[in-house]
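Beneath this line is the structure, given in structure tokens, with notes to follow.
The values are calculated or read from the model by the stated rules, or taken from the named source; none is laboratory data. Quick caveat: nothing in here was measured; it's all calculated off a predicted structure. Every residue, glycine as well, gets a Cβ built from its backbone with ideal geometry; the counts of neighbours run over all protein chains shown.
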Amino acid sequence: MPGRQAVELTLPIQTEFLPVATACVEQTAQAYGMGRVETMHLMLAVEEVLSFLAARLSGGHHLMKLHCHNGRYYMEVVCRFPSNVLPVGAFNITSTVSADDEQSLAEMGLLLAARTADHLAVSAKNGDMEIRFVKNRQYPALPTIPASVAMQGSSRIVEPAPELIKQFAARVAGKYERQAPEYFQAPGKVADMVASGDYGVSLVADGKNNIMAGIFWRNGKQMAEAAGPYVFCDEADAAVQAVEGCLQRLARTSVLCLVIQQPTPDMPAGYFEPLAQDGSVLYRQLAEDNGTLVYAHPIFADYLTDGYRNLFLPRDIRRVENQGEKQSPHSAFAVRMDRPASRVVMESIWAGEDALAVVEQHIQALRQEGFREIYFHLDTGVPEQALLSPALSANGFEPAWIVPWGGEGDILVLAHREEESC
């Protein structure tokens, strides 16, 4: 894919321009190679946002900027407009529609748009509000391939050609099954993820180009997050070669650290230190960390201070708490579910005054769904998120570990203790 493809359109927030907005999304999605179903979902999202805004913003002089980005394995549509009239509460998984509630009926389209997106984000800056819808491309089903193979010849690090990446993904899915991230079920998607530049992979192969081991990671601005290592042979050094290949590649980037969540039993000793006490999250410093600002509510400030001291990370902790200032009335949270592992991660989309009740509603719904592990990722680089701390603590969330540079700043991972929820 030559460079980063993007299409932008600015149009009046008026119902007459609905066909223009949806046609832009449709034609762009077709040019990006998106399927019909994914295209229809993105068209619906833009149509509902523009319709909602047009019904509430009078005067006809307001403009919406539409941005369509080709991520190769996904398409992102961004709507930006100069208003905070969007009811962010409609984006919660706990939102419902009642025939007796006119407001909920008016927000039904936004709720449907949010449910059809694979990822949703809302932000505000300089008087503008921005909503991002992401839809993943659909890929063919996983081909059948042996999970393990007898090595032929000596093992070596190989360049990640698309066919080798697809072979690697298929072997991961075959051997590790539900223990591996879901995207390994679509080898073509994994190849596109690497080709996009968002992800990297270190592959070890034998003399016949049979993949013996590998490790896969997401490239961030300051942090890389890896999955693996995955080993498909009895060669003792295969995992070591894969990890060292990963570290060598990352050493040529601006990434400061590498984090591995849920490492496999094939992880060689001596390369990482634990972030979580049970060893389920590993960490390695790759370059000098000159520090950053951390916004923390007093409830979690002491934990963060001790955590940074143990990690030898320089951080300037700024204490943040509400001092009577007016907040947004509504909160919204994103939820990432891993049903096979019975694990879910919550993140803030929008912080508001009703956070205590909305978090409680999410916890109740997720427990009823049978999720045993519930985590919240609190971004310490966003001061508004620090204000969520009292609501999270009251609902039974406690600090578990810190992920350096996991978001805008560091991520404070909170684990939910069911017996202490309010």
Inset, instruction - Report the residue count in region 199-254 for those that are part of a loop (DSSP other than H, G, I, E, B), under 28 Å from GLU408 (Cβ atoms) and touching a residue at least 60 places away in the same chain (Cβ under 8 Å). - result: 3
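Any residue in region 324-336 that is among the small types (Gly, Ala, Ser), free of Cβ contacts under 8 Å to residues at least 12 places away in the same chain and part of a loop (DSSP other than H, G, I, E, B)?
Taking region 324-336 as the starting set, the residues that turn out to be among the small types (Gly, Ala, Ser) are 324, 328, 331-332, 334.
Next, only the ones that are free of Cβ contacts under 8 Å to residues at least 12 places away in the same chain stay: 324.
Still in the list and also part of a loop (DSSP other than H, G, I, E, B): 324.
There is at least one residue in region 324-336 that is among the small types (Gly, Ala, Ser), free of Cβ contacts under 8 Å to residues at least 12 places away in the same chain and part of a loop (DSSP other than H, G, I, E, B).
From the residues in region 377-390 that are part of a strand (DSSP E or B) and touching a helix residue (DSSP H, G or I) at 6+ places or on another chain (Cβ under 6 Å), which one is surrounded by the fewest Cβ atoms within 10 Å (Cβ to Cβ)?
Going through region 377-390, the residues part of a strand (DSSP E or B) turn out to be 377-379.
Next, only the ones that are touching a helix residue (DSSP H, G or I) at 6+ places or on another chain (Cβ under 6 Å) stay: 378-379.
Numbers: LEU378: 26, ASP379: 19.
Checked region 377-390; the qualifying residue surrounded by the fewest Cβ atoms within 10 Å (Cβ to Cβ) is ASP379.
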Inset, instruction - Considering every residue within region 65-83, establish whether at least one is of a type in the set (A, V, I, L, M) and farther than 29 Å from MET193 by Cβ. - result: no
Legend entry - Flag if ALA150 is of a type in the set (A, V, I, L, M, F, W, C), over 25 Å from GLN261 (Cβ atoms) and at pLDDT below 85: yes
Inset, instruction - Would you check which residues across region 91-124 are within 25 Å of HIS67 (Cβ to Cβ) and modelled with pLDDT under 80 and list them? - result: GLU107
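Looking at ARG367, is it in contact with an Asp or Glu (Cβ under 7 Å, 6 or more places away or on another chain) and part of a helix (DSSP H, G or I)?
It is true that ARG367 is in contact with an Asp or Glu (Cβ under 7 Å, 6 or more places away or on another chain) and part of a helix (DSSP H, G or I).
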Legend entry - Residue identified as under 22 Å from the mean Cα position of the chain (by Cα), modelled with pLDDT of 90 or more and not assigned by TED's automatic domain parsing to the domain that holds VAL88 among PHE333, PHE300, PHE312: PHE333
Inset, instruction - Of the conditions (1) assigned to a helix (DSSP H, G or I); (2) within 30 Å of ILE349 (Cα to Cα); (3) in contact with a strand residue (DSSP E or B) (Cβ under 8 Å, 6 or more places away or on another chain), ASP192 clears all except one; give me its number. - result: (3)
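Restricting attention to region 319-337, which residues are basic (Lys, Arg) and more than 14 Å from ALA386 (Cα to Cα)? Outline the logic, then answer.
Filtering region 319-337 for residues basic (Lys, Arg) gives 319, 326, 336.
Result: LYS326, ARG336.
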Inset, instruction - Go through region 1-56 residue by residue and tally those that are crowded, with 20+ Cβ neighbours inside 10 Å and not in a helix (DSSP H, G or I). - result: 3
Inset, instruction - Residue by residue through region 391-422, note down the ones that are in a helix (DSSP H, G or I), in contact (Cβ under 8 Å) with a residue 24 or more places away in the chain and surrounded by fewer than 17 Cβ atoms within 10 Å (Cβ to Cβ). - result: ALA394, GLU418, GLU420
Inset, instruction - Sort through ILE145, ILE165 and tell me the only one that's surrounded by 14 or more Cβ atoms within 10 Å (Cβ to Cβ), at pLDDT 90 or above and among the hydrophobic types (A, V, I, L, M, F, W, C). - result: ILE165
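Test of understanding: among THR22, THR39, which residue is under 22 Å from the mean Cα position of the chain (by Cα), modelled with pLDDT of 95 or more and over 26 Å from VAL358 (Cα atoms)?
Details: THR22 fails: under 22 Å from the mean Cα position of the chain (by Cα).
After applying the criteria, what remains is THR39.
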